[in-house]
1. If we only count strands (runs of 3 or more DSSP E) wholly inside the range 35-111, which ones have 3 or more residues that are closer than 19 Å to V23 by Cβ?
2. Quick one: would you say V245 is of a type in the set (V, I, T), closer than 24 Å to S64 by Cβ and in contact with a Leu (Cβ under 6 Å, 6 or more places away or on another chain)?
3. For the range 124-141, check the following and say yes or no: at least one residue is closer than 16 Å to T290 by Cβ, of a type in the set (D, E, K, R) and at pLDDT 95 or above.
4. Specify which of the listed residues (A258, A300, A264, A242) is more than 13 Å from the chain's Cα centre (by Cα) and assigned to a helix (DSSP H, G or I).
5. Give me the residue from the range 71-92 that is within 25 Å of P136 (Cβ to Cβ) and touching a residue at least 60 places away in the same chain (Cβ under 8 Å) and, out of that set, farthest from the chain's Cα centre (by Cα).
6. How many of the residues in the range 255-280 are touching a residue at least 40 places away in the same chain (Cβ under 8 Å) and of a type in the set (A, V, I, L, M)?
7. Take I127 and tell me if it is part of a loop (DSSP other than H, G, I, E, B) and not charged (D, E, K, R).
8. Of the conditions (1) surrounded by fewer than 16 Cβ atoms within 10 Å (Cβ to Cβ); (2) in contact (Cβ under 8 Å) with a residue 24 or more places away in the chain; (3) outside any loop (DSSP other than H, G, I, E, B), G170 clears all except one; give me its number.
Amino acid sequence: MTTATLAPAPAGLGPPNMCGRLVRALLIGPRAVGWNAGASWRELGYLHPPGETLAVRQHDRIRSLLRERGVDLVEPDEPPPGLSPDAVYCHDASFPSRRGMILMRMGKENRSGEPAAHARIYEGQGIPVIGSVEAPGLAEGGDLVWLDEHTLLAGEGYRTNAAGIAQLGGMLAEDGVEVIAVPLPFGDGPHCCLHLMSLISVLDHRTMVADLRFLGVPTFEMLKARGWEFVPIVEDERPTMAANVLALGGRTLLAIAANRGTNARLRDAGFEVLTYEGSEISQNGSGGPTCLTRPLVRAAE
């Protein structure tokens, strides 16, 4: 596999955070993974047969917005072999720490090849990989939220289990990181994807957008005690992933255009909100802007 040529990555990735200026990110486009999934789209949990032309157009909008903001994009030039359309949601298969990337072990069987594909991309870019989650552990990036560079919140559910969280804690102990496990709700059951980042997204160092109805009381109270403030989503916009918002830094956010009410609340809270149409690339496969990007390097908050 070859990847786009960029400046060499640093020896480490810098202090981890969720809202500093996005410097470098991995994208995997719909053409690279064969978005036209044919008969398998029901097995993947998609809402309707995937349409590649529309998916590419919507994904290109995300790419353009990131480039306009000066983000260096790492993208595979050749299709990673053996991956399903879910691989466009590249946030999940690897996770950045101060010293380098950690490869996940996916809770969805058809995504099992994605961590190895990420490893090949990172090798080509000189980005260090410091470890991987192994069986019986499960962990996906969508369940992992940095509260600060020494505190990682891990959602425990069907995609990330206690064994996986324990392994992450062991790998991150060298960096002085505390990993706090919080339970996820049942939602629509194990066949659906409900990550921690389906419920909260970090917007700046003290603000989250949140689906408060589904956020557990102990989790809410813990975050509140740590000084976090919340912009609640509009309830009717839960199906269109209103809580899935990508911070680009400098109080600028990337969000799905359909969530007009929630986006208005974010603007009222003082954020600039950039939007893209996500009917195919996001809603069909249940992956918003955080899912579609794997931040690699962010500036310090």
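1. Numbers: elements: 72-74, 94-96, 101-103.
Correct list: 72-74, 94-96.
2. On the way: of a type in the set (V, I, T): yes; closer than 24 Å to S64 by Cβ: yes; in contact with a Leu (Cβ under 6 Å, 6 or more places away or on another chain): yes.
Yes; evaluated as a whole, the condition is true for this residue.
3. Checked the range 124-141: at least one residue is closer than 16 Å to T290 by Cβ, of a type in the set (D, E, K, R) and at pLDDT 95 or above.
4. On the way: A258 fails: assigned to a helix (DSSP H, G or I); A300 fails: assigned to a helix (DSSP H, G or I); A242 fails: assigned to a helix (DSSP H, G or I).
None of the other options fit; the residue is A264.
5. Filtering the range 71-92 for residues within 25 Å of P136 (Cβ to Cβ) gives 82-84, 86-87, 89-92.
Filter once more, keeping what is touching a residue at least 60 places away in the same chain (Cβ under 8 Å): 86, 89-92.
Numbers: D86: 12, Y89: 7, C90: 7, H91: 4, D92: 6 Å.
Among those residues, the one meeting the criterion is D86.
6. Of the residues in that region, 3 qualify.
7. On the way: part of a loop (DSSP other than H, G, I, E, B): yes; not charged (D, E, K, R): yes.
Taking the combined requirement at face value, the residue satisfies it.
8. Of everything listed in (1) surrounded by fewer than 16 Cβ atoms within 10 Å (Cβ to Cβ); (2) in contact (Cβ under 8 Å) with a residue 24 or more places away in the chain; (3) outside any loop (DSSP other than H, G, I, E, B), G170 misses just condition (2).
The values are calculated or read from the model by the stated rules, or taken from the named source; none is laboratory data. The shown structure was predicted, so the numbers you read here are calculated from the model rather than taken from an experiment. Methodologically, a virtual Cβ is constructed for each residue, glycine included, from the backbone with ideal geometry; neighbour enumeration extends over all protein chains shown.
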